[in-house]
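The values are calculated or read from the model by the stated rules, or taken from the named source; none is laboratory data. Everything numeric in this text was worked out from a predicted model, so none of it was measured. Methodologically, a virtual Cβ is constructed for each residue, glycine included, from the backbone with ideal geometry; neighbour enumeration extends over all protein chains shown. Note: accessible area is taken over every heavy atom of the protein model, side chains too, but ligands, DNA and RNA are not part of it. Shrake-Rupley method; radii C 1.70, N 1.55, O 1.52, S 1.80 Å.
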Amino acid sequence: MTIDLEATGLSVRYGGNVAVDGVDLAVPTGRMVGMVGANGAGKSTLINALAGWSRGTPVVRGTVRLGGASMDGLSPHRRAAQGLVLVPEGKGIFSELTVMENLALVRPPADTTGRHLFSMEEIHELFPRLAERRHHKGGMLSGGERQMVAVSRALRAAPRVLLLDEPSAGLAPRLVYELLETMRKLVDRGLSLLLVEQNVRATLELVDELYLLERGKVVARGPAAAMKNDPRILEAYLGSLTA
Amino acid sequence: MNILQQLINGLVLGSGYALIAIGWTVLLGAARLVNFAHGQLYMLGAFVAWAVMTKLGVNYFLAVPIAVVALGLLGVGLQGLMLRPVMQQNLTSLMIVTLGFGYVFQGGAARLFGGDPERFVSPLQAAEIRIGEIWFTWQDVLTLVGTLLLFGALWLVLNRTRVGAVVRSVAEDPRLAQLFGINAALVYIGVFVFECAAVALGAGLVAPRSPILTSMGFDEVILTFVVVVLGGIGSVTGSLVAGFGLGLFTALFGALVSSAYTTAAAFFVLLAFLVLRPRGLAAR
Ligand SMILES: Nc1ncnc2c1ncn2[C@@H]1O[C@H](COP(=O)(O)OP(=O)(O)OP(=O)(O)O)[C@@H](O)[C@H]1O
Ligand SMILES: [Mg+2]
């Protein structure tokens with residue numbers, strides 16, 4: 001089993017506040033890895049650090065390797081160009097640009113080794129609604145439609161590893177499953193995927209492996225089947241309170 | 001007084017305002033940046049063209065493109081120096097830094113070119129066209145047509161090409177653009193170079209109307225600020241309309257009331273307008 005994305009000793013702090021503390025993580029080729037944890041556990045900070053990106057000014061330590069090549073010190077647009085593609089939490093598309101313009105901003109790379117290419121036809125097959133909406137501005141779309149554009153944009157960039165931070169936020173429960181199942185299909189075609197999700201139940205159904213993050217540290221990790229029975233997961237996420 | 005003549009004067013004046021403002025408009029709209037050295041860049045554009053003409057004997061039609069390229073290169077250097085505050089969108093720092101650049105340019109130009117008024121002459125300035133009582137020069141025609149072509153081309157590039165979409169994406173959210181694989185720093189440099197080159201073109205076409213001075217920077221562009229704000233900050237079409245509107249207003253006010261108070265009157269109109277329509281002409 002080859003590792004597509006690997007982080008070792010990753011730490012991120014904002015000023016004196018340590019948000020991610022010495023995390024080791026690996027996304028094997030063609031696998032779907034899930035990451036769950038409470039609000040503020042550091043999930044977004046971690047996934048952003050993998051992409052070398054942030055809206056704040058964090059200090060990042062540790063190493064990130066994509067297919068064996070070091071990403072350290074590379075700016076986010078360089079990492080994206082090499083196939084480490086992030087769909088961030090929240091705003092993921094441009095509201096002043098039409099759906100088509102948003103998607104046309106990214107170009108498939110010249111060198112496609114290890115990359116997963118998606119044609120516009122395939123994207124319209126995955127998200128038929130986008131074909132109808134292609135001349136609408138991003139700001140005129142519903143939350144779910146925006147998420148579809150954000151994910152489509154990432155696919156058009158021909159990812160090697162796709163990083164998704166809560167792609168289902170704000171979606172209707174039926175759509176959450178639909179979107180995550182679509183992602184699973186892409187993984188089955190060979191894509192490597194790291195998924196941050198609030199919906200632990202849905203995540204556990206679909207991922208190969210799960211990480212549990214607490215206060216910036218990985219407190220549990222393992223195959224999905226085993227994690228289903230982990231007492232910490234059961235107690236915090238699969239108890240009677242969760243949907 | 002001939003009203004048709006004043007309308008023509010207004011259109012010519014207005015095209016000059018719009019042309020000088022276009023760089024600022026794109027900088028503000030496309031990059032959400034400011035540059036308070038705009039007026040001194042205008043002055044430099046005029047003096048570079050003048051110096052190339054008088055010292056090197058180059059003709060006007062080559063001197064203006066040379067000034068445009070020279071200012072474009074200066075833009076690369078300036079943006080390189082300012083890249084940090086630019087990437088952080090630190091407008092306060094940029095305001096101060098660009099004001100500082102303005103003073104440096106003004107002082108440098110005074111040392112280099114002297115403090116006396118110089119005649120920056122376009123051969124088209126003397127080529128007059130008379131139709132009955134109405135007259136204008138070929139320079140006026142060139143300015144008007146050049147402005148319309150530049151605005152048209154710019155509109156097409158910004159709204160109909162991928163490069164335009166890239167610029168608009170960086171304007172909206174430079175951080176997000178990075179995730180789309182866009183090098184935002186490069187886009188900022190491009191926009192800044194456009195501003196410098198466009199103001200040099202504006203100077204090349206408009207400055208021959210009167211003697212040029214190394215201290216003229218601020219006065220010559222003060223009305224472009226009105227154009228940029230009236231047009232709805234960052235709107236290309238808005239600033240074209242505002243430029244013509246202001247030109248017509250200035251010409252008619254000057255002819256009907258008093259030319260001594262036109263700048264004050266223009267700012268009064270701006271104030272009144274902003275009370276009614278705080279986001280300018282382009283606001284939806
Ligand atoms: N831009 C920032 N500047 C300063 N501190 C930040 C910033 N972003 C996040 N933090 C802090 O880092 C910690 C982790 O936040 P993060 O957004 O990574 O959590 P999360 O696990 O993604 O939470 P959620 O489930 O709510 O999305 C929090 O304590 C938060 O306050
Ligand atoms: Mg988060």
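Numbers for the structure displayed
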quantity: Estimated vicinal HN-Hα couplings, Hz - the range A:24-35 in sequence order (Karplus 6.51, -1.76, 1.60; Gly, Pro = x); calculated: 10, 8, 9, 10, x, 4, x, 10, 10, 10, x, 9
quantity: Dipole magnitude (debye, nearest 20) for the protein assembly as shown, charges at Cβ of Lys, Arg, Asp, Glu; calculated: 240 debye
quantity: For the range B:115-121, 3J(HN,Hα) per residue [Karplus equation, 6.51 cos²θ - 1.76 cosθ + 1.60, θ = phi - 60°, Hz, x = Gly/Pro]; calculated: x, 8, x, 10, 9, 9, 10
quantity: Residue among B:GLY45, A:VAL106, A:LEU171 farthest towards the positive dipole end of the protein assembly as shown, charges placed on Cβ; calculated: A:LEU171
quantity: Relative contact order for chain B, counting Cα pairs under 8 Å that sit 6 or more residues apart, in percent; calculated: 39 percent
quantity: Ellipticity estimate at 222 nm from DSSP helix runs (n ≥ 4, -39,500 (n - 2.57)) divided over chain B, nearest 500; calculated: -25500 deg cm²/dmol
quantity: Between 0 and 90°, nearest 10: helix B:217-230 axis offset from chain B longest Cα axis; calculated: 70 degrees
quantity: Residue-span extension gain [B:GLU118 to B:LEU186] - 0.36 nm each, minus C-alpha spacing; calculated: 20.8 nm
quantity: Reachable aspartates and glutamates from B:LYS55, criterion Cα separation under 14 angstrom, eight or more residues apart if same chain; calculated: B:GLU118
quantity: Residue-normalised accessible area of the range B:22-107, expressed per residue, 1.4 Å probe, Å²; calculated: 42 Å²
quantity: For the pair B and A, total buried accessible area rounded to nearest 100 Å², probe 1.4 Å; calculated: 2000 Å²
quantity: Whole-angstrom gap from the range A:54-85 to the range A:170-241, using each part's C-alpha centre; calculated: 24 Å
quantity: The range B:1-160: C-alpha gyration tensor shape, a/c 1.5 cut-off, then a/b vs b/c; calculated: oblate
quantity: nm² value of the averaged projected area, convex hull over the Cα atoms of chain B; calculated: 15.5 nm²
quantity: Residues with amide H under 5 Å from that of A:PHE94, placed H, sequence gap 5 or more; calculated: none
quantity: Built amide H within the under 5 Å cut-off of B:ASN35, gap 5+; calculated: none
quantity: Net charge of neighbours whose Cβ lies under 15 Å from the Cβ of B:GLN88, counting Lys and Arg as +1 and Asp and Glu as -1; calculated: +3
quantity: Cross-link reach list, lysines versus A:LYS91, counting only Cα pairs under 30 Å and skipping chain neighbours closer than eight places; calculated: A:LYS43, A:LYS137, A:LYS185, A:LYS217
quantity: Rounded to whole Hz, the Karplus (6.51, -1.76, 1.60) HN-Hα couplings of the range A:216-231, x for glycine and proline; calculated: x, 10, 7, 9, 7, 8, x, x, 3, 4, 6, 5, 4, 9, 5, x
quantity: At least 15 Å along the helix axis (C-alpha) and Kyte average at least -1.0, DSSP helices within chain A; calculated: A:143-156, A:173-188
quantity: Interchain or long-range residues, amide H under 5 Å from A:ALA19's placed H; calculated: A:VAL12, A:ARG13, A:TYR14
quantity: Residues in the range B:135-171 that, when all protein chains are in place, have 50 Å² or more less accessible area than the chain alone would give (probe 1.4 Å); calculated: B:ARG162, B:ARG168
quantity: Anisotropy class of the range B:20-78 from Cα gyration tensor, a/c 1.5 cut; calculated: prolate
quantity: Carbon + sulfur, % of accessible area of chain B - ligands and nucleic acids excluded, 1.4 Å; calculated: 69 percent
quantity: Rounded, prolate or oblate (a/c below 1.5 giving rounded, otherwise prolate when a/b exceeds b/c) for the range B:82-162 by Cα gyration tensor; calculated: oblate
